[in-house]
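The values are calculated or read from the model by the stated rules, or taken from the named source; none is laboratory data. This is a predicted model, so every value here is computed, not measured. Cβ atoms come from the backbone with ideal geometry, glycine included; neighbour counts cover every protein chain shown.
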Amino acid sequence: MKNIKEAVAYIKNQLDFKPEAGIILGTGLGGLVKIMEVEKEIPYDDIPHFPVSTVESHHGKLLLGTLNGKKVVVMQGRFHYYEGYSLKQVTFPVRVMKLLGIKQLFVSNAAGGLNTNFQIADLMILNDHINLQPDNPLTGANYDKLGPRFPDMSQPYSRKLIKKGLKIALTMECNVHQGVYAVVPGPNLETPAEYKYLSIIGADAVGMSTVPEVIVARHMDIPCFAVSVITDLCYPGAIEEVKIEKILAAAAKAEPFLTELMSKMLE
Ligand code: HPA
């Protein structure tokens, strides 16, 4: 708790700012930054107690500014479990954003498509998730001031925000689905048998992020909205060797639509 407060104090000292919404930019949402009026950029490395970037990951930054008229705090770059961070480290920025004042959390990610209706570069609005990571960001002492010991998960993603997202999607020239996101630890992609298993247990898409952040946000009662960009297809007949270039190309194709969807969500 002390660490969270110190990080918040540092940020407020840079710019006295009360964001209404928090945004975590995953693969394929870089475009959002271009339409944002950035007032202040703070490198993660400068913020007390923020996880220290690993060699292979990008040096991320926190952006404070306005998007579509709303005050937002944006995480440009996120932390993943597969990089070696604990889930407490991965989710520390969400705690900080809550204390900065956010009332909603928006998240994006890249994911493999398990649902046979999905095509590459489609979007999927998450309506639920399955946590398959071998850890939970809420284990250990509970901070009763932040949230309950046993937080409810009956509505991990806000039904109100999903409804709004689906309405916006109707006006877009892009396939937008809704479905269940399974999170795996990574970093390897899945075997065909694992994809089959994920599909059988009810997942429509699989990825390596988002769920820890959403668990921590829900612990603090923040309504969440998350979108996956489907970057590769993981059902029988469609499975191919996954190449990072192909994933990035799919994410780039979907970027304008994801940017449009997220920015209209703030209206
Ligand atoms: N599996 C897990 N994570 C992913 C995938 C996948 O197929 N595609 C993009 N992120």
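Based on what the data block shows, is residue 189 under 22 Å from residue 217 (Cβ atoms) and in contact (Cβ under 8 Å) with a residue 40 or more places away in the chain? It is false that residue 189 is under 22 Å from residue 217 (Cβ atoms) and in contact (Cβ under 8 Å) with a residue 40 or more places away in the chain.
Scanning segment 124-162 for residues that are surrounded by fewer than 10 Cβ atoms within 10 Å (Cβ to Cβ) and without any contact (Cβ under 8 Å) to a residue 40 or more places away in the chain yields a count of 4. Only one residue in 200, 239, 215 is hydrophobic (A, V, I, L, M, F, W, C) and loosely packed, with under 15 Cβ neighbours inside 10 Å, so which one is that? Every option except 200 fails the conditions. Reported count of residues in segment 171-198, each being more than 12 Å from the ligand (Cβ to nearest atom) and in contact with a strand residue (DSSP E or B) (Cβ under 9 Å, 6 or more places away or on another chain), is 8.
Taking each residue of segment 20-39 that is within 11 Å of residue 72 (Cα to Cα) and looking for partners that are among the aromatic types (Phe, Trp, Tyr) with beta-carbon atoms closer than 9 Å, six or more apart or interchain, yields 21/106; 22/106; 23/106; 24/106; 39/17.
Checked against (1) part of a helix (DSSP H, G or I); (2) under 26 Å from residue 94 (Cα atoms), residue 203 passes all but a single condition, namely (1). Only one of the numbered conditions (1) outside any loop (DSSP other than H, G, I, E, B); (2) modelled with pLDDT under 95 is violated by residue 238, and that is (1).
Among the residues of segment 191-208, those that are under 13 Å from residue 236 (Cα atoms) and under 22 Å from the mean Cα position of the chain (by Cα) comprise 195, 198, 199. Scanning segment 62-80 for residues that are touching a helix residue (DSSP H, G or I) at 6+ places or on another chain (Cβ under 6 Å) and among the hydroxyl-bearing types (Ser, Thr, Tyr) yields no hits at all. Looking only at residues in segment 93-109 that are out of contact with any Ser or Thr (no Cβ under 9 Å at 6 or more places or on another chain) and either part of a helix (DSSP H, G or I) or of a type in the set (Ser, Thr, Tyr) (or both), the one that is surrounded by the most Cβ atoms within 10 Å (Cβ to Cβ) is 97.
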